[in-house]
Amino acid sequence: MTTKQIPLRLPEDVYTALKAASTFTERSMNEIALEAIRAHLAADHQRAEIDAAASKARTKYRRALDRLAE
């Protein structure tokens, strides 16, 4: 897998927590940060899928929803 580097500026408290987590878990700071980024991206993707399904359902059941709202 090809990797890319990016500069990442962290507030001191986040850096300290990341360093402590790295020491405690015996995992690299990079590994922990990458896992957190992947989890965030997966959650965003899942949220987009849920929003799309809800939009589709609102369109499909618009008449029934309007009647319930009356």
Problem set entry | For the chain, the longest site-free run once trypsin sites (Lys or Arg not before Pro) in DSSP loop states with at most 11 other Cβ atoms within 10 Å are removed | 10-70
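Per the 1.4 Å probe, what fraction of the accessible area of the chain, in percent, lies on carbon and sulfur atoms? Mind showing how you got there, number by number?
Values: 3940 of 6820 Å².
In the chain, the share of accessible area belonging to carbon and sulfur is 58 percent.
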For this session: Would you please classify the overall shape of the chain from the alpha carbon gyration tensor, given that a ≥ b ≥ c denote the square roots of the eigenvalues, rounded means a/c under 1.5, and beyond that prolate means a/b larger than b/c while oblate covers the rest?
Result: prolate
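Using a 1.4 Å probe, what is the accessible area per residue for the chain, in Å²? Don't skip to the answer; put the middle values down first.
Values: 6820 Å² over 70 residues.
Per residue, the chain has an accessible area of 97 Å².
The values are calculated or read from the model by the stated rules, or taken from the named source; none is laboratory data. Because the structure is a prediction, the values reported are computed rather than measured. So basically every Cβ, Gly included, is an ideal-geometry build from the backbone, and we count neighbours across all protein chains shown. Only protein heavy atoms, including side chains, enter the accessible area calculation; ligands, DNA and RNA are left aside. Shrake-Rupley method; radii C 1.70, N 1.55, O 1.52, S 1.80 Å.
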